[in-house]
1. How many residues does the range 32-81 hold that are in contact with an Asp or Glu (Cβ under 6 Å, 6 or more places away or on another chain) and assigned to a loop (DSSP other than H, G, I, E, B)?
2. Counting only residues that are in a helix (DSSP H, G or I) and within 11 Å of the ligand (Cβ to nearest atom), how many does the range 209-244 have?
3. Is there any pair with a first residue in the range 118-133 that is on the phi > 0 side of the Ramachandran plot and a second that is within 16 Å of the ligand (Cβ to nearest atom) and part of a helix (DSSP H, G or I) whose Cβ atoms are under 6 Å apart and which are 6 or more apart or on different chains, and what are they?
4. Where residues in the range 66-91 are out of contact with any helix residue (DSSP H, G or I) (no Cβ under 9 Å at 6 or more places or on another chain) and under 27 Å from G131 (Cα atoms), which of them is surrounded by the fewest Cβ atoms within 10 Å (Cβ to Cβ)?
5. Criterion first (modelled with pLDDT of 95 or more, surrounded by 23 or more Cβ atoms within 10 Å (Cβ to Cβ) and farther than 19 Å from L119 by Cβ) does L22 satisfy it?
6. Going by the conditions given, is T180 out of contact with any Phe, Trp or Tyr (no Cβ under 7 Å at 6 or more places or on another chain), β-branched (V, I, T) and either more than 14 Å from the ligand (Cβ to nearest atom) or assigned to a strand (DSSP E or B) (or both)?
7. When only residues in the range 117-143 that are small (G, A, S), surrounded by fewer than 16 Cβ atoms within 10 Å (Cβ to Cβ) and part of a helix (DSSP H, G or I) count, which is nearest to the ligand (Cβ to nearest atom)?
8. Here are L157, L197, L212, L134: which of them is among the hydrophobic types (A, V, I, L, M, F, W, C) and closer than 19 Å to V40 by Cα?
Amino acid sequence: MRKRMIAGNWKMNKTFSEAVVLAEGLARELEGGTGDVDVVVAPPTVDLKGVAEVIEKEEAPFALSAQNVYWQEAGAYTGETAPNMLEAIGATYCIIGHSERRDYFGETDEDINKKAKALMAHGIVPISCCGESLEIREAGTHVEFVVDQIKKDTEGLEITDPSKYVIAYEPIWAIGTGKTATADDAQEVCGAIRKTLVDIFGEETAAGIRVLYGGSANPSNIAGFLEKEDVDGALVGGASLKADGFADMVRSAMA
Ligand code: 13P
């Protein structure tokens, strides 16, 4: 009942023209369609409009995501982007709570919860990230840590359509390090996330929420993650910056 999702987080890479070239390349790679798989790309904010235009012109089978948002509607918040601005340029998803935003920009679970509510009020699907540091993993408290993040990040959310809220489990020690979690590591935490969602939202809603794995996912290791019961796809960083490799990951998810 859950459609698989492959999402590419381009992070702070690609100028406007480079982003257009990458989106055009991906549109060509995927011109035969993506079957039952939802494909999403998240370029930097200044590139969103350019990628939106490629999607429209090429009728590309992927959706547009932002990498961040502010929860206020408008006003004196220099440097920030409001949900209605994302909506207006055709972004239908937005990553929130990425560990890089938590670590380098001090985002808290409370902030992430406000961002989710603001996005959902505009019909934009949050891709809400969680995940533990190496220190927590080594202490063996990673499951409790992530469950606590999920509880705080989803507090008071009203999820009427479970396909419109996505979680990405990204263990920090596996991000950009080439060191992946094993598929069993991913299942352990994604399964615990699912159980927590059952407690919060009930069986039916929890069964419809996608939980993605992220952290050095690539064309060679993606299939192993996708075999796991509670892993519904991937949030891909580095490997999403090459159209052919990213398209290969989409094709693995279609298989
Ligand atoms: P990498 O795939 O580069 O490890 O990044 C994962 C990630 O942080 C996606 O949001």
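1. Summing the residues that are in contact with an Asp or Glu (Cβ under 6 Å, 6 or more places away or on another chain) and assigned to a loop (DSSP other than H, G, I, E, B) in the range 32-81 gives 1.
2. Adding up the residues that qualify gives 4.
3. Matching pairs, first to second residue: G131/S99; G131/I172.
4. G79
5. It is true that L22 is modelled with pLDDT of 95 or more, surrounded by 23 or more Cβ atoms within 10 Å (Cβ to Cβ) and farther than 19 Å from L119 by Cβ.
6. So T180 does not fit the description; no.
7. A139
8. Being among the hydrophobic types (A, V, I, L, M, F, W, C) and closer than 19 Å to V40 by Cα holds for just one of L157, L197, L212, L134, which is L212.
The values are calculated or read from the model by the stated rules, or taken from the named source; none is laboratory data. Just so we're clear, the structure is a prediction, and the values are computed from it rather than from any experiment. Positions of Cβ are backbone-derived with ideal geometry, glycine not excepted, and every protein chain shown enters the neighbour counts.
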